[in-house]
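Chemist: What follows is a single structure, and I will ask about it in a moment.
No value in this document is a laboratory result; all are computed from the given coordinates. In this text the structure is predicted, and so the values were computed from the model without any measurement. Neighbour counts are summed over all protein chains in view; Cβ atoms, including those assigned to glycine, are modelled from backbone coordinates with ideal geometry.
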Amino acid sequence: MHEDHNALRVALGTKPTQPVTLVRPHAAHRAARYFLEKFPGTSMYAVKANPSPDLIRSLWDAGITHFDVASIAEVRLVRGLLPTATLCFMHPIKGEEAIAEAYNRHGVRIFSLDSLEELAKIVAATTVDGVAATDLTLCVRLRVSSSHSKLSLATKFGIAADDAAPLLMAARQVADALGICFHVGSQAMSPQAYGDAMAQVRAAIVGAGVTVDVVDVGGGFPSVYPGMEPTAMDAYFEVISRAFESLPVSYSAELWCEPGRALSAEYASLLVRVEARKDDVLYINDGAYGALFDAAHIDWRFPVKLVRDGGSRAKLMDFSFYGPTCDDMDFMRGPFALPADIRAGDYIEVGMLGAYGSAMRTGFNGFTAGATVIARDEPMETLYGVTEESPSKVIQLRKS
């Protein structure tokens, strides 16, 4: 993989005709170290946010040893890269064949579930020669509110706390360790999301009268985007820690979390070329079927900047983007603030695309990703603090 200093150097040096992904392993390393040092429990990486092997290795090198995998393909990927990593199969509904392969071939012992039917499936898939498994960690997923989050995950999975007692008691009978997990939704903008969810955990435990060994607060930890500047990450950890300490759980109970976006967003940005301009609409060479899926389909705003030798003194104005395919849906409303004199042939860097950027890319209409380059500069935004020399905007400095 080629290495360069920043987007401008890449644009001037190679004049790329395809989108270029700029990756920053040092940013992923910093985010991982933050969680490992600050979160009061075990931090695992949610692979679905970005399954790049290079990112997974970077997080491992930083100290992340647990990985949330949501499919047998992700199980195979991480196990092939990291033979000694702890894999947690946290999709609540899985094929029996996937469970069996994960357990028997890849050493997976941690599974989530949200129904008695899934529990029966896990037990059947992990029974070998008539002998049931005795080493399972089973995490019952509760349905909790996503009211504090930008993207809801409150509908598809999870069992209500009031209905969870039979499932928790049944799982307790076959599990070596029993856990409760939840997901407050993606990009939780308030720590209260976790406080409210932990109240549901308490209600479920009390209602079932079971001993719980693991509480997994899931993902949802935010990153920073235009119009979405969250509270300091330490505040989230403080709310979670206080709530966990008050739960009626085993004295040796473990606290887990599953950040995806928070560990990967700052890892990558995208360098795109302007192919045409029509008034306040720019036609660029990546879009809804590439790394900008979220910008198109859920109107997610990403930080942008003009990449031009000498820059521009023009005032900023708001633009929308069209991507390169022939589809009218390949449209990103924005608004994206860029200099008013931007023109065809200019390049734009789109930041914070390490999460759900490359993971969502397709080859529709024949438009695919270009080169990947390691960048040595800082991400366009950060939650984790940077050196004084960094040009990045610092949203939150790490507490001493």
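Chemist: Could you tell me how far the Cα centroid of segment 226-277 sits from the Cα centroid of segment 174-206, in Å?
Modeler: 15
Chemist: Tilt of helix 165-174 relative to the longest C-alpha principal axis of the chain, in degrees (0 to 90, nearest 10)?
Modeler: Value to nearest ten degrees: 80.
Chemist: Above 29 angstrom, tally the Cα pairs of segment 9-164 and express them as a % of all pairs, no decimals.
Modeler: 30
Chemist: Order of T137, T126, T231 from fewest to most other C-beta atoms within 10 Å?
Modeler: T231, T137, T126
Chemist: I want to verify a result. In a Gaussian network model of the chain, Cα cutoff 10 Å, which of these has the top mean-square fluctuation: A133, A31, A355?
Modeler: Of A133, A31, A355, the Gaussian network model singles out A133 as fluctuating most.
Chemist: Then there is this: Taking springs between alpha-carbon atoms closer than 10 angstrom, which of S190, S312, S264 fluctuates most in the Gaussian network model of the chain?
Modeler: S312
Chemist: Among I159, I348, which comes first, then next, by fewest other beta-carbon atoms within 10 Å?
Modeler: I159, I348
Chemist: Out of residues 5 or more away from C139 or on other chains, whose amide H comes under 5 Å of its own, with H placed 1.01 Å from N in the peptide plane?
Modeler: Residues meeting the amide H criterion: F111, S112, L113, G179.
Chemist: If you look for lysine pairs in the chain that are eight or more places apart or on different chains, how many of them have Cα atoms under 18 Å apart?
Modeler: Lysine pairs meeting both conditions in the chain amount to 10.
Chemist: Among T84, T21, T211, which one shows the highest mean-square fluctuation when the chain is modelled as a Gaussian network with alpha-carbon springs under 10 Å?
Modeler: Taking springs between Cα atoms under 10 Å, the residue moving most is T84.
Chemist: Now a separate question. Quick one: order M329, M44, M189 by neighbouring beta-carbon count within 10 Å, fewest to most.
Modeler: With the sparsest Cβ surroundings first, the list reads M329, M189, M44.
Chemist: Let me know the charge dipole size of the chain about its Cα centre in debye, to the nearest 20, where only the beta-carbon of Lys, Arg (+1) and Asp, Glu (-1) is charged.
Modeler: The dipole magnitude comes to about 560 debye.
Chemist: To continue, here is another question. Mind listing the phi-derived Karplus ³J(HN,Hα) values for segment 123-140, rounded to whole Hz, using 6.51, -1.76 and 1.60 with θ = phi - 60°, and x for any glycine or proline?
Modeler: 4, 5, 6, 9, 8, 10, 6, x, 9, 6, 5, 10, 10, 8, 9, 10, 10, 7
Chemist: By how many degrees, 0 to 90 and rounded to 10, does the Cα axis of helix 53-62 deviate from the longest principal axis of the chain?
Modeler: Roughly 70 degrees between the two axes.
Chemist: Show me, for segment 104-119, the HN-Hα J-couplings you get by feeding each phi into the Karplus relation (A = 6.51, B = -1.76, C = 1.60, θ = phi - 60°), rounded to Hz, glycine and proline as x.
Modeler: For segment 104-119, the Karplus curve yields 7, 9, 10, x, 6, 10, 10, 9, 9, 7, 9, 7, 5, 5, 5, 4 Hz.
Chemist: Turning to a different aspect of this structure: Mean residue ellipticity at 222 nm from the helices of the chain, using -39,500 (n - 2.57) per DSSP H segment of n ≥ 4 over the full residue count, to the nearest 500 deg cm²/dmol?
Modeler: -8500 deg cm²/dmol
Chemist: Loop sites only, by DSSP: take the GluC sites (Glu not before Pro) in the chain that have at most 16 other C-beta atoms within 10 Å and name the longest stretch containing none of them.
Modeler: No qualifying site falls inside 1-387, the longest such stretch.
Chemist: If I measure Cβ to Cβ between cysteines in the chain, which ones have no partner under 4.7 Å?
Modeler: C88, C257, C326 - these cysteines have no disulfide-compatible partner (Cβ-Cβ under 4.7 Å) in the chain.
Chemist: To the nearest 0.05, what FRET efficiency results for T231 and R376 with a Förster distance of 25 Å applied to their C-beta separation?
Modeler: Result of the calculation: an efficiency of 0.25.
Chemist: Could you give the distance between the Cα centres of segment 292-367 and segment 1-77, to the whole Å?
Modeler: 21
Chemist: Now a separate question. Please report the relative contact order for the chain, taking Cα pairs under 8 Å with a sequence separation of at least 6, and give it as a percent rounded to a whole number.
Modeler: RCO, the chain: 20 percent.
Chemist: With an 8 Å Cα cut-off and a minimum separation of 6 or more residues, compute the relative contact order for segment 216-335 in percent.
Modeler: Normalised by residue count, the contact order of segment 216-335 is 25 percent.
Chemist: Something else about it: Between F331 and residues 5 or more places away or on another chain, which pairs have amide H atoms under 5 Å apart, with H built 1.01 Å from N, and which residues are they?
Modeler: A288, G323
Chemist: When the label point is put 7 Å from the Cα of T14 along its Cα-to-beta-carbon vector, which residues of segment 267-287 have a backbone N closer than 14 Å?
Modeler: Answer for segment 267-287: 269-273.
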